[in-house]
Amino acid sequence: MHRDTEILRAGYPDHDSSGPFLNGPQFSATYVAPGEPSQHRYTYGRTGNPTWSAWENALGAIDGGEAVAFASGMAATAAVFGTVLRPGDVLVLPSDSYYTTRLVASGWLDSIGIKTRFAPTRDSAQMHELDGARLLWIETPSNPLLEVSDIELLVRAAHTHGVLVACDNTTATGYLQHPLRLGADFVMASDTKGLTGHSDLLLGHVSTKDPARAEALRTWRTQHGAIPGPMEVWLAHRALATLAVRNTRQCETALKLANTLSGDKSVNAVHYPGLASHPGHDIARRQMDNFGSVVSFDLSARARAETFLRALHLVREATSFGGVHSTAERRARWGGDAISEGFVRFSCGLESADDLVADVKAALAKS
């Protein structure tokens, strides 16, 4: 069966079951559960929910492991850190990873005695920092620079040193990249972005092939209260049905936009793994099914980037990415990343590629 068909059916009732295609969200804090709690799958709203279960079955089918849903991507990240790391441990983190992940490392983890070593994503430089480490955290393609590391190479190096590997798969999504298949111990994603793709909810998840690690993640979720809402989970599951068509269209548009930007002499640099000129292109071509919906480029100066963003007609100026509506932002406005003041992160939606490219070209001409 084609993977697109599997995703469409993932987590749904059997085709011969009567009733709705996808059961509605289950709103319940309390379940009727007489006698021994161990005899009941659902006993209390913080420990389980049938809407979560269907969503996690779907996520597990996509990732190739056992999935645990969380209230946000950062809740999922914190759960991996919290279940794996102990005071005195060493975490190896990309120096160009998502800024809030780095803030957690320099804040909470540092305060409880966990040391973090930083190395760039490019050239898989993290493999030189593994000696004595407990966990290697990979993010590829990275956000917002879209650097690429070799997951399989890093996993081999890490496991040789007895180091566990977690991969932030948010930018690629589980549709385009398969870290568990490449040997990672955990795959994490912010489902807020490309996986659900409608810019209307916050969710995250972690998948693993190890049942004991999955159970530890569920225990963390229950005890820390990092639980998703059933309505958000149901909306996410409903959105999953269009994942294949959304991602395919967005990747096609992103490549067309990246090629257009690369041919414009007024653009200082273009970052997109689908370009042959990208330093990680060969690795991305090998480990990704496609190159993603995000294109980053450098207009050098803050004023020019802001003029460009104001001149766009089809593109909303907003943070986050992966939605069906195209968005863009001057990423340096948030701080924390080694990028220029004119660096733009652009997320391609489902508008006509020709219309979107024309809008970008017209805005560049005015900037």
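Could you count how many residues in the range 4-19 are at pLDDT 85 or above and either part of a loop (DSSP other than H, G, I, E, B) or more than 20 Å from G65 (Cα to Cα) (or both)? Steps first, answer last, please.
First, pick out the residues of the range 4-19 that are at pLDDT 85 or above: 4-13.
Subsequent filtering for residues that are either part of a loop (DSSP other than H, G, I, E, B) or more than 20 Å from G65 (Cα to Cα) (or both) retains 10-13.
The qualifying residues number 4.
Suppose we filter G349, G322 for residues that are on the phi > 0 side of the Ramachandran plot, buried (at least 19 other Cβ atoms within 10 Å of the Cβ) and outside the structural domain of T121 (by TED's automatic domain parsing); which single one remains?
On the way: G349 fails: on the phi > 0 side of the Ramachandran plot.
Step by step, each of G349, G322 is checked, and only G322 is on the phi > 0 side of the Ramachandran plot, buried (at least 19 other Cβ atoms within 10 Å of the Cβ) and outside the structural domain of T121 (by TED's automatic domain parsing).
Applying the criterion of being surrounded by fewer than 21 Cβ atoms within 10 Å (Cβ to Cβ), touching a residue at least 24 places away in the same chain (Cβ under 8 Å) and of a type in the set (A, V, I, L, M) to the residues of the range 256-275, the residue that is farthest from E147 (Cα to Cα) is V267.
To keep it simple, each residue is scored yes or no on (1) crowded, with 24+ Cβ neighbours inside 10 Å; (2) under 28 Å from S277 (Cβ atoms).
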site	(1), (2)
A125	no, yes
T171	yes, yes
L176	no, yes
H205	yes, no
D210	no, no
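Contact map, the range 225-236: first residue small (G, A, S), second residue in a helix (DSSP H, G or I), Cβ cut-off under 6 Å, separation 6 or more or different chains; pairs are A226/A75.
Taking the stated definitions as given, is A158 assigned to a helix (DSSP H, G or I), in the same structural domain as F70 (by TED's automatic domain parsing) and at pLDDT 95 or above? When the stated conditions are applied, A158 passes them.
Table: residues versus (1) in the same structural domain as A276 (by TED's automatic domain parsing); (2) more than 23 Å from L59 (Cα to Cα); (3) surrounded by fewer than 22 Cβ atoms within 10 Å (Cβ to Cβ).
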position: G82; (1), (2), (3): no, no, yes
position: S97; (1), (2), (3): no, yes, no
position: R117; (1), (2), (3): no, yes, yes
position: H128; (1), (2), (3): no, yes, yes
position: P141; (1), (2), (3): no, no, no
position: P144; (1), (2), (3): no, yes, no
position: E152; (1), (2), (3): no, no, yes
position: V165; (1), (2), (3): no, no, no
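Out of the helices (runs of 4 or more DSSP H) lying entirely within the range 259-367, which hold 2 or more residues that are under 18 Å from N247 (Cβ atoms)? Fully inside the range 259-367 and qualifying: 281-287, 353-366.
Against the condition buried (at least 24 other Cβ atoms within 10 Å of the Cβ), β-branched (V, I, T), in contact with a Gly (Cβ under 9 Å, 6 or more places away or on another chain) and modelled with pLDDT of 95 or more, how does V187 come out, does it pass? Yes: the conditions hold for V187.
Please indicate, with yes or no, whether at least one residue in the range 52-63 is assigned by TED's automatic domain parsing to the domain that holds L136, outside any helix (DSSP H, G or I) and not aliphatic (A, V, I, L, M).
Keep residues of the range 52-63 that are assigned by TED's automatic domain parsing to the domain that holds L136, which gives 52-63.
Pick out the ones that are also outside any helix (DSSP H, G or I) and you get none.
No, the range 52-63 contains no residue that is assigned by TED's automatic domain parsing to the domain that holds L136, outside any helix (DSSP H, G or I) and not aliphatic (A, V, I, L, M).
Scanning the range 226-240 for residues that are aliphatic (A, V, I, L, M) and farther than 13 Å from G194 by Cα yields A226, I227, M231, V233, L235.
The values are calculated or read from the model by the stated rules, or taken from the named source; none is laboratory data. Predicted model only: the values in this text are computed from it and were never measured. Glycine also receives a Cβ, built like all others from the backbone with ideal geometry; neighbour counts cover every protein chain displayed.
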